[in-house]
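Taking it in order: structure first as structure tokens, then the write-up.
Readers should treat all values here as calculations from the given coordinates under stated rules, not as data from a laboratory. Keep in mind that this is a model prediction, so the values were computed, not measured. Cβ sites come from the backbone with ideal geometry, for glycine too, and all protein chains shown count toward neighbours.
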There are 2 protein chains.
Amino acid sequence: MNSKRKKSVGSEKARQTVLPIGAEGRARVAIDAVRPVVDGGRFPVKRIAGESVIVEADIFADGHDELSAALRYRRGELGRWVEVPMKPLVNDVWRAEFEVSGLGDYYYTVQAWIDRFKSWRHGFEKKLAAEQNVALDLLAGADLVELAIERAKGHDRTALERSAKILRSQDAGASEQALADELSLLMNKYPERRWVTTYDKELRVSVERAKARFSAWYEMFPRSCAAKAGVHGTFKDCIARLPYVASMGFDVLYLPPIHPIGVSFRKGKNNSVSAEPTDVGSPWAIGAKAGGHKSIHPQLGTLADFHQLVTKAKEQGLEIALDIAFQCTPDHPYVTEHPEWFRKRPDGTIQYAENPPKKYQDIFPIDFDSDDWQALWQELKSVLIFWCEQGVRIFRVDNPHTKAFPFWEWAIAEVKKKYPDAIFLAEAFTRPKVMYRLAKLGFSQSYTYFAWRNTQAELTEYFTEINQADIADHFRANLWPTTPDILTEYLQFGGRPAFIARLVLAAMLGANYGIYGPAFELCDNVAREPGSEEYLNSEKYQLKHWDLSNKDSLKEIVTLVNRIRRDNPALHSDRSLRFHQVDNSELLCFSKQSDDLTNVIVVVVNLDPHHSQSGWVELETQSLGLDSQQPYQMHELLTGARYLWHGARNFLQLDPQSVPAQIFRMRHKLRREQDFDYFL
Amino acid sequence: MNSKRKKSVGSEKARQTVLPIGAEGRARVAIDAVRPVVDGGRFPVKRIAGESVIVEADIFADGHDELSAALRYRRGELGRWVEVPMKPLVNDVWRAEFEVSGLGDYYYTVQAWIDRFKSWRHGFEKKLAAEQNVALDLLAGADLVELAIERAKGHDRTALERSAKILRSQDAGASEQALADELSLLMNKYPERRWVTTYDKELRVSVERAKARFSAWYEMFPRSCAAKAGVHGTFKDCIARLPYVASMGFDVLYLPPIHPIGVSFRKGKNNSVSAEPTDVGSPWAIGAKAGGHKSIHPQLGTLADFHQLVTKAKEQGLEIALDIAFQCTPDHPYVTEHPEWFRKRPDGTIQYAENPPKKYQDIFPIDFDSDDWQALWQELKSVLIFWCEQGVRIFRVDNPHTKAFPFWEWAIAEVKKKYPDAIFLAEAFTRPKVMYRLAKLGFSQSYTYFAWRNTQAELTEYFTEINQADIADHFRANLWPTTPDILTEYLQFGGRPAFIARLVLAAMLGANYGIYGPAFELCDNVAREPGSEEYLNSEKYQLKHWDLSNKDSLKEIVTLVNRIRRDNPALHSDRSLRFHQVDNSELLCFSKQSDDLTNVIVVVVNLDPHHSQSGWVELETQSLGLDSQQPYQMHELLTGARYLWHGARNFLQLDPQSVPAQIFRMRHKLRREQDFDYFL
């Protein structure tokens, strides 16, 4: 367990049935279960710049000696170690914290040692209290102080020398000196770390910028942005659309793939197998004569146009996020230049995507088992680097769970070495362990099952799960009520109230959330056919022209919700999310709060889009810092109304036809007569 | 994650932000959370010979390929690896098991790989069902079979060659051949493990003999075994006492230290500071002119006498357990021969034990921080080896938590290298994390807080905690209602019914349990003073003469309880322990069962030693394998009475003045008319 044996962990350690007696056997302190930690240190813990990392560890030794412990952290593998003293809580748990101020990796570990001076002082104090003879004890104390002198310098050294002399003198003042706070502080400053135990791992913290934890996304098809119906939109049209998106308060504008679209086996409207000559194809069918993943679809404009879009967006507080879909049409340049990156069929043709009996002949999946995998990885990485060079820092990765895990771990780390502000969102709707794994590999944010969690029980269970510490330390949810692929039955049949309810749920449950617009704010809820989650006349396969001025648009409430998010720090993170009991299962109540409790938000949503629902909400007053004897004010932020609540239980009624949700800012203290000047 | 990178774990792995692209990046399968595991593999999992180790792991890959996985285990570090195929359960969890038949260490790990044949077969089956053209697929299948041919030999090879030919022929029978079970079995037998993932740890299982898990201990002071009162007992007297102990059904006879007792600062009766010349001293005050830890107290007899005791005990099914108390009186030979093994005070004298303001001048603690610690460790180990050589294999270690942790890990492993059947019981009544740590370091069994857990809530909470998997995998409880140091208030004031209740609780809750006799079976419950847990006139400081024929002795019920334990496999382990609801908090109900459910024991104890208590017990019928529609028989094993119960809820009344506990063997199936010949 001491520093020299640090390398001896895991498989070797498990096998090490016999401690080599030649090694240091006097490192008597045990350090266990250092946390936060992801998979025993295999993956980093995630934080954003400016956050605190609260470190706890189980620390104990044999016998009754007093211990001291230090949290050690550094920035980067070569950084200088900084130490913070740890404090014991209960049950042998110790704690300390450090702030991660910069982007990139931090490392931390824990050291602990027997503190002979602290042990001595403790016994000395008790003997004094029992009026025992402490002559020998003073000499023993002097011995310890004299050892510290050798480690000290300057004034400290002089002060320690003076203390040692007084203790050794056994004069009247010696006992007082022995227990002096000043001496304790000095002895703590120059601790004797004989046989210190160093935790056998350095745990990693991956620090990203604030937007990794708090962001509002707007997804938009550039080709549907033309001013005139039936015309193919361009990046210039997107620039004209920026004020609309920015005014709603979003900060990420995510575009589906902007690359040349293949023509072979192109899909027609509504995903039909045979396309008309005028059909525009799916943006996810990447690759044509005009180029592949580093090229721009000619009908959208030029690279210079794209640069302008990035710049103009930034001016309005919007960052452009690109879609990274590593797959190729038969027309992609890779297919001819690197046929070895694709799987062959026995007849020598390239294997198209299939999920038997379904065939997707317009898509060739990339073969990560290729013998040329190293060149393949480098090329795919170069795609990411290319777009970073064009000013993009946010990537929404399409189906990362169908590409090799080791690739993502490598590629994300490589990009972040050069662009530590890069953010990756994993679009994987698959089994939970695969989704968590992708987050561990380095994805900053992840799509979730949110779209399919609609009842009180489902939402409570799912969001309790993903916000428990061991998941929240690596997995950051990004909640989408709809996507171009997912129009849930709840929205198909719930109408406008359902859209509002899902908007509020996404934006309040998730510090990261997004909407696919303008379909969302215009409440487009017509599915292609019963039982399908695909839109009728989906933008994926055709141009759309949206009437943004439609009077039923949700843009005002979207704007309001985004403003509430920005104004309330409680909503900038998911850590504090807590559900509260409601006696009506059609109502969901939850809260978020800032660490210092100055900002507390309580949200109540009527999950039933058809009927007015009412019930008694029972707030967990203690966690919210409420005095159950005092009334408090609930300021409803969507309407501006203010209510007086009292105690834990309060009654609510929500009519989906007016507003199916209420967002309260809790004002703890209600002013009373004593709070005004005239009372005094 | 592949085998080449196996060494790269823990601290190194945490730092490895970038996967070296020169390494194999095609090991696409992830293996996570392999269990059972203790502290990430730092310590071994405990099992006894003949037990199964059920291994589970989270195994998954990107994409939709089919996977195969194997559990690999071996005996010892140099053993041959044996493989067991793993089976998928749900949620990406895979399982397999292996039996540990011999003593010592086993190692296990997990391998998983993309199974191209299984993936191919799965797609092929679906295409056939959809009546698609499978000509190319048959060729692809033939390619895979041909690769397997290169790995196969003999008949298998010939069979694979035949299959490949049929597939390649694309004849009418080819599809049938492709899906033949025989081909699948052969392909599983010669799997293609390209880019296999091997879990990055080999996890250790420490296998001990059955007595480590199931044992009944009897503690007895040899010096109190003399036939005549006032005479110092000897090993010969112990031999005469063996039939008494054996007849009660115990299998371990544990003796407090048998070494020469110091005279300096010897404690008198009732722990008085000044001893009379005739006082015998505490057996834990080890060391005198006659010798130290490898010597025998002259008044007990000779080494030859001890050998005879060991042999005679064995003949009666009893193993002798010795007490290992690593501490010295001022008269111990170590003090003069190795003064460097003790701490000095500033005046040059040796530091006696103290817990300020209390002083224990009769005891010198050993200084594990000594500069000569390596020689010290070797000497202490030689004490253990010495007694092993005298035929002892069970050690009850006194206060192991006041000796260095690294010493125990080393010393226990060293002893077990030579004597793999050695068993160590840790007598540490200290903070939970320290107690668990000692178990992890190698102690086979541990004393617990059982003595102080007396209410329904306390017992349920504590035994639920220590039997949860992550604790039960390293910590085996040994339950003692009393010890020479611990006479709890529950027993002081509860009288005989309390003794019976605690006996049944210890023997039924704990597969390992013990009593300190004859004080226990004779219900000695007089404390030295109010508020003390010390016995009045404790055997620790004086000779005692016990009237074994006292008519109130519990020996008959002790005998019965031990017989019930032996006869019922459900009681040979703590794994299946489960508590059941009772609507009266003075009653405790719990059950244990054998894996195959053929042996189910339900115990109900009245925790109130003063009043009759009754209540409704609500059994968890599902876990007990009960059909809630059928009546079943409950055979009460203390009285022999048989009851007919029905469903989950049944009523019970227990009078502490008759028997405060009932031990039922559940007979699932009650015979009905259909079960008899005459019905047919």
Net charge near residue B:237: determine it from the other residues with C-beta under 11 Å of the C-beta of residue B:237, scoring Lys and Arg +1 and Asp and Glu -1. +3
If r is the Cβ-Cβ distance from residue B:54 to residue B:464 and R0 is 30 Å, what FRET efficiency results, to the nearest 0.05? 0.90
In peptide A:408-416, how many Cβ atoms from other protein chains are near each Cβ within 10 Å, on average? 3
Is there a simple number for the mean count of other chain Cβ atoms within 10 Å of the Cβ of residues in B:29-36, and what is it? 2
What is the angle, in °, between the Cα long axis of helix B:303-315 and the longest principal axis of the Cα atoms in chain B? Nearest 10 is fine, range 0 to 90. 50 degrees
What distance in nm separates the two pseudo spin-label positions at residue A:139 and residue A:244, each 7 Å out from Cα along the beta-carbon direction? 9.1 nm
Per-residue mean of C-beta atoms belonging to partner chains within 10 Å, peptide A:56-63: 5
Relative contact order (%) - chain A, alpha-carbon pairs under 8 angstrom, separation at least six: 10 percent
Dipole of segment B:578-678, positive direction: furthest Cα of B:644, B:631, B:598, with charges on the beta-carbon: B:598
Only residues of segment B:492-531 count here: report those whose backbone N is under 18 Å from the spot 7 Å along Cα→Cβ of residue B:556, or say none. B:496-501, B:503-504, B:521-523
P(r) for segment B:125-279: what percent of alpha-carbon pairs falls in each 5 Å bin, starting at zero? 2, 7, 10, 10, 8, 6, 4, 4, 3, 3, 3, 4, 4, 5, 6, 6, 6, 5, 3, 2, 0
For chain B, with the dipole built from +1 on Lys and Arg beta-carbon atoms and -1 on Asp and Glu ones, taken about the Cα centre, which of B:622, B:37, B:609 lies farthest toward the positive end? B:37
DSSP beta bridges in the protein assembly as shown: the antiparallel percent, rounded to 5, is 70 percent
Taking a ≥ b ≥ c as the square roots of the eigenvalues of the Cα gyration tensor, with a/c under 1.5 meaning rounded and otherwise prolate when a/b exceeds b/c and oblate if not, chain A is oblate
Spatial separation of Cα centroids for segment B:256-329 and segment B:414-431, in angstrom: 20 Å
Give, as a single signed number, the net charge of other residues whose beta carbon lies under 9 Å from the beta carbon of residue A:271, with Lys and Arg counted +1 and Asp and Glu -1. +3
Does anyone have the angle between helix A:555-567 and the longest principal axis of chain A? Alpha-carbon axes, 0 to 90°, nearest 10? 10 degrees
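In terms of the Cα gyration tensor, with a ≥ b ≥ c the square roots of its eigenvalues, is segment A:64-169 rounded because a/c is under 1.5, prolate because a/b exceeds b/c, or oblate?
It comes out oblate by the Cα gyration axes.
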I'd like the distance between the alpha-carbon centres of segment B:36-79 and segment B:500-527, rounded to an integer number of Å. 39 Å
Can you give me the Cα centroid spacing of segment B:357-408 and segment B:208-254 in angstrom? 24 Å
If you put +1 on each Lys and Arg Cβ and -1 on each Asp and Glu Cβ, how big is the dipole of the protein assembly as shown around its Cα centre, in Debye rounded to 20? 2180 debye
Would you be so kind as to identify which of A:260, A:508, A:218 lies farthest towards the positive end of the dipole of chain A, taking Lys and Arg as +1 and Asp and Glu as -1 on Cβ and the Cα centre as origin? A:260
Size of charge dipole - segment B:394-443 - debye, nearest 20, with Cβ of Lys, Arg +1 and Asp, Glu -1, no other charges: 160 debye
Folded to 0 to 90 degrees: helix A:235-247 orientation relative to chain A principal axis, Cα: 50 degrees
I want to check the label-to-label distance for residue B:150 and residue A:585. Put each point 7 Å from Cα in the C-beta direction and report it in nm to one decimal. 5.9 nm
Using each residue's phi in segment B:173-181, evaluate 6.51 cos²θ - 1.76 cosθ + 1.60 at θ = phi - 60° and report the 3J(HN,Hα) Karplus result to the nearest Hz, with x for Gly and Pro. x, 5, 5, 4, 4, 4, 9, 4, 4
Can you give the convex hull volume per residue for the Cα atoms of segment A:117-189, as a whole number of Å³? 71 Å³
Please report A:218, A:107, A:73 as a ranked list, fewest other C-beta atoms within 10 angstrom at the top and most at the bottom. A:107, A:73, A:218
Given the rule -39500 (n - 2.57) for each run of at least 4 DSSP H residues, summed and divided by the residues of the protein assembly as shown, what is its mean residue ellipticity at 222 nm, to the nearest 500 deg cm²/dmol? -8500 deg cm²/dmol
Dipole magnitude of segment A:295-425 about its Cα centre (Cβ charges: Lys, Arg +1; Asp, Glu -1), debye to nearest 20: 340 debye
Once a ≥ b ≥ c are taken as the square roots of the eigenvalues of the Cα gyration tensor of the protein assembly as shown, is the result rounded (a/c under 1.5), prolate (a/b larger than b/c) or oblate (a/b not larger than b/c)? prolate
Among DSSP beta bridges whose residues both lie in chain B, state the antiparallel percentage, nearest 5. 70 percent
Two-site FRET efficiency, residue B:232 against residue B:374, from Cβ-Cβ distance with R₀ of 51 Å, rounded to 0.05: 0.85
Cut-off 13 Å between beta-carbons: net charge of the residues surrounding residue A:487, Lys and Arg +1, Asp and Glu -1: -4
